[in-house]
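The values are calculated or read from the model by the stated rules, or taken from the named source; none is laboratory data. Everything numeric in this text was worked out from a predicted model, so none of it was measured. Every residue, glycine among them, receives a Cβ derived from its backbone with ideal geometry; neighbour counts consider all protein chains shown. With ligands, DNA and RNA removed, areas are computed over all heavy atoms of the protein, side chains included. Shrake-Rupley method; radii C 1.70, N 1.55, O 1.52, S 1.80 Å.
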Amino acid sequence: GSIGFCIPYEFNNSDLEASLTFLEKHSFGTQGWSWPTVQYMICEAQYGGRITDDFDRILFNDIGRTWLAPDSLEEGFKFCKSPVDFKYIVPKVENVDQYRKFITSMPDSDSPEIFGLNTNADLTYGTSEAIYIIETVNETQPKEGGSGAGGLTREQQVWNKADELVKRMDDKELGYVDDEVREQVRKRPKSEIEFVLGYKPESKVDGFSIPLNVFLYQDITRLNDVINTVRNTLNGLKQAIDGEIIMTTQLQDSLDAIFDAKPPKHWYIDPSGAQYAWTLPSLGLWYEGMIDREAQLSTWINTTRPFTYWMTGFFNPQGFLTSARQEVTRRHKAEKWALDDVVIVTYMTDHFDSRKIKGPPDEGIYIHGLFLEGAGWDKSKKMLCEATPKEMYTPMPIIHVSAVTSESEKKIFGKGEFYSCPVYTVPKRNGLAFIFVAKIPSEVNGRHWVLRGVGILCSKD
């Protein structure tokens with residue numbers, strides 16, 4: 001499959017034939033052999049011409065620099081350094097029959113480490129295949145009639161589930177009043193305003209002049225829309241099943257989804273097809289996600305800023321980080337910092353439990369609840385290490401996110417090895433899910449982790 005790439009590209013034999021033809025022509029050319037030329041033509045043109053994602057381009061160029069290089073023809077070079085029964089090398093043989101014999105001796109199934117990936121990639125592939133088969137079988141099941149557990153019909157089971165979810169929403173009093181939220185944002189606690197500004201203001205400060213407060217209001221507004229949509233859908237389903245209103249197409253689709261224990265699509269996809277809320281594979285996980293998001297925002301608006309933020313719970317994590325960057329920039333107004341010249345920097349802490357954080361950092365923010373995919377975390381050295389076998393995701397420590405000028409960033413990360421790790425909202429890596437790049441300490445060159453496909457995820461589901 002396309003494990004390792006963010007987007008599953010349709011590479012085919014014509015790409016291979018074009019590359020082989022170029023290699024043959026280049027080998028017999030009068031200009032001499034040039035590895036940079038070979039790398040560029042294959043990684044940027046013949047295969048690379050299909051690649052659209054920036055991180056996929058980095059990956060493919062690193063593949064080229066690793067294996068389309070002079071080292072591959074050296075004595076003792078192996079394409080797979082891990083101990084496996086078959087040695088992946090360029091064979092030193094004298095005739096075609098010996099080449100054929102070597103090729104036929106290759107194993108039918110290659111180890112993921114041939115491609116630079118961790119052995120856990122096999123589990124990822126197998127899991128994806130199993131989920132695809134289960135979903136296909138589930139979609140072919142009849143949607144009408146039949147009795148479920150306890151002799152209840154399909155509609156009765158959905159009515160009971162909808163009633164249970166609505167009661168839970170009412171018990172927790174989910175939902176916000178816009179005018180009340182606006183007033184709470186405007187009148188933020190004095191201590192919070194002083195901490196954000198870095199000094200005691202002479203006059204009263206409107207909470208809406210603080211970037212993260214604006215972000216808070218926007219996120220609450222969006223969550224409130226989702227809460228209202230969920231409540232209206234569940235109440236509408238109960239009424240439609242009882243025969244009080246007409247069962248519309250949307251309600252019928254919602255009935256089918258809830259019966260299959262999945263969130264209805266219109267809860268997170270708008271009529272244009274754009275995603276406007278979080279996506280999770282099951283109804284239970286999605287609903288719990290709504291509860292957790294509401295809890296974080298309610299605590300923030302009703303009291304004061306949290307010491308550490310669950311970034312997964314935000315609709316727009318990019319906007320959250322931009323607001324944090326703006327606040328740091330404003331604190332350095334006397335030094336004439338410009339927002340365009342300020343970049344995000346990350347520092348790994350020793351803490352994994354957010355409850356142990358007893359106060360905010362001097363500058364920036366703490367974020368928690370992230371997971372590392374494709375690598376492990378060495379707690380003693382506070383840097384990347386190889387992933388534990390069969391452990392797909394590794395919890396990340398709480399990360400201190402702040403901002404510095406571009407010049408300062410070069411000094412901070414100028415010494416030692418660091419991996420520029422992309423951070424995504426969900427395991428499906430694409431441009432919509434990308435948030436930012438975190439620099440993580442490493443003992444080896446960052447190219448090793450690029451080939452491993454290492455990334456940080458806000459959600460592993």
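In percent, how large is the relative contact order of the range 31-78, given Cα pairs closer than 8 Å and 6 or more residues apart?
39 percent
So which GluC sites (Glu not before Pro) in the range 82-137 pass both tests, a DSSP loop state and at most 16 other Cβ atoms within 10 Å of the Cβ?
Filter output for the range 82-137: Glu94.
Could you tell me the relative contact order of the chain? Use alpha-carbon pairs under 8 Å, at least six residues apart, and round to a whole percent.
It comes to 14 percent, rounded to a whole number.
Let me have the 222 nm mean residue ellipticity of the chain computed from DSSP H runs of 4+ only, each contributing -39500 (n - 2.57), with the sum over all residues rounded to the nearest 500.
Calculated at 222 nm, the ellipticity per residue is -13000 deg cm²/dmol.
Where in the range 346-389 are there GluC sites (Glu not before Pro) that are in a DSSP coil and have at most 10 other Cβ atoms within 10 angstrom of their Cβ?
none
In square angstrom, what is the accessible area per residue of the chain with a 1.4 angstrom probe?
Per-residue value: 56 Å².
What net charge is computed for the residues neighbouring Thr279, neighbours being all others with C-beta under 11 Å from the C-beta of Thr279, Lys and Arg scored +1, Asp and Glu -1?
+2
Using the Cα atoms of the range 250-400, I'd like the radius of gyration and the largest Cα-Cα distance, Dmax, both in angstrom.
For the range 250-400, the Cα radius of gyration and maximum Cα-Cα distance read 19.0, 60 Å.
More than 42 angstrom separation, counting every C-alpha pair in the chain; what % is that?
32 percent
Around Asn224, under 13 Å between beta carbons, what's the net of Lys plus Arg minus Asp minus Glu among the other residues?
Combined, the nearby Lys, Arg, Asp and Glu give -3.
Carbon and sulfur: what percent of the chain's accessible surface (1.4 Å probe)?
53 percent
Normalised by the empirical 2.2 N^0.38 Å for globular proteins, what value does the Cα Rg of the range 1-119 take?
Working it through for the range 1-119, the quotient is 1.14.
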